[in-house]
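Read the structure below first, then the notes.
Every number here is computed from the coordinates shown, using simple stated rules; none is lab data. Predicted, not measured: the structure shown is a model, and the values here were computed from it. All Cβ positions, even for glycine, are placed from backbone atoms using ideal geometry, and neighbour counts span all protein chains on display.
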Amino acid sequence: MIRPLNFIPYNTNIQFIRVRKLTFALSAAMCLLSATLFFIPGLNYGIDFSGGVLIEARATQSDADLGDMRGKLSALGLGEIALQDFGSTRDVLIRVQTQGNEKADNAAVETVRKALGPGFEFRRTEVVGPKVGGELVEAGTIASILAMLGIAVYVWFRFEWQFGVAALVATFHDVIATVGFFGLLQLDFNLSTLAAVLTIAGYSINDTVVVFDRIRETMRKYKTMEFGALINRAINDTLSRTIMTSSTTMLAVLALVIFGGEVIRGFAIAMVWGIIVGTYSTMYVAAPLLLYMRPARPTESAAAAATP
């Protein structure tokens, strides 16, 4: 008989459940810190949410001189202006704060173009008004909440309500931790980042459902096994799959971080963190929570009826 590829030795018995109180405390502290960082210092909202002007420029003759550019643009009276290298030393990302309305923002773009002169090629320009930015924040928040509730309902119908609650808590944990991560590092939080947050929720629940499915299978197979040992066995049985899936996904996302460029970097960084925290929450949050809610274990007759 040919066994499937397995990087984790068979009969591995890591005691995940034994350290649940420590990991619960760690998760609670992480969520509390993330909630604090959401307000202090707050998220560094990108142009998508805060409104303003984003201009991608490339110096045509030589490397971009950020000091000279900053001096020229600061004298325009357009308010806060941020310049950032990205890609090569000739590429510059220019952010100008919102001017109050779309017409004024468009005028600011033309002012910046004239100030920098013909020595720059303007490759991309985005203008987002403050009203549109506020609407995007509201829509993004609603989309995130509905996505997580939808995930919980799906797990509830596929398994039992206890599994749905555990999945919802773990998903909220991952989302809150990701938002806190961006608050801590003050990375741009924009629509790409929000897309990454929703992707993380989907990735995390995929891993969680695999473990839950093994828990349900083990419940039917071992009707008298102590519930903590049963959950621990299920996590260990799926550990090889979890590690291989996370590792291969991480390799692809790291390639995006290194080679993907500035536009997609926020999404890729969020995904790297999300893979780490999502894998952690499956093993140390979602599954151990079932120990306290105790889903009903099938009787011998029910198990026999369910067996083909």
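Here are the numbers for the structure shown:
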{"quantity": "Loop-resident sites, segment 184-266, for GluC sites (Glu not before Pro), counting at most 14 other Cβ within 10 Å (DSSP)", "calculated": "Glu226"}
{"quantity": "Phe39-Ala104 pseudo-label distance in nm [points 7 Å out on the Cα-to-Cβ vector]", "calculated": "3.0 nm"}
{"quantity": "Relative contact order for the chain, counting Cα pairs under 8 Å that sit 6 or more residues apart, in percent", "calculated": "25 percent"}
{"quantity": "Fluctuation leader among Gly77, Gly87, Gly266 - the chain, Gaussian network, Cα springs under 10 angstrom", "calculated": "Gly77"}
{"quantity": "Cα shape, segment 36-120, gyration tensor, a/c 1.5 rule", "calculated": "oblate"}
{"quantity": "Residue order, fewest to most surrounding Cβ atoms within 10 angstrom, among Thr12, Thr224", "calculated": "Thr224, Thr12"}
{"quantity": "Footprinting exposure proxy for Leu194, Leu168, Leu149 (fewest neighbouring C-beta atoms within 10 Å first)", "calculated": "Leu149, Leu168, Leu194"}
{"quantity": "Overall form of the chain per C-alpha gyration tensor (a/c, 1.5; a/b vs b/c)", "calculated": "prolate"}
{"quantity": "Selection from Met271, Ser240, Val169 lying farthest towards where the dipole of the chain points positive, charges on Cβ", "calculated": "Ser240"}
{"quantity": "Neighbour-count order for Asp213, Asp105, fewest beta carbons within 10 angstrom listed first", "calculated": "Asp213, Asp105"}
{"quantity": "Hz values of 3J(HN,Hα) by residue in segment 38-44 - Karplus curve (6.51, -1.76, 1.60), Gly and Pro given as x", "calculated": "5, 9, 9, x, x, 6, 8"}
{"quantity": "Cα centroid separation - segment 208-278 against segment 69-116, whole Å", "calculated": "42 Å"}
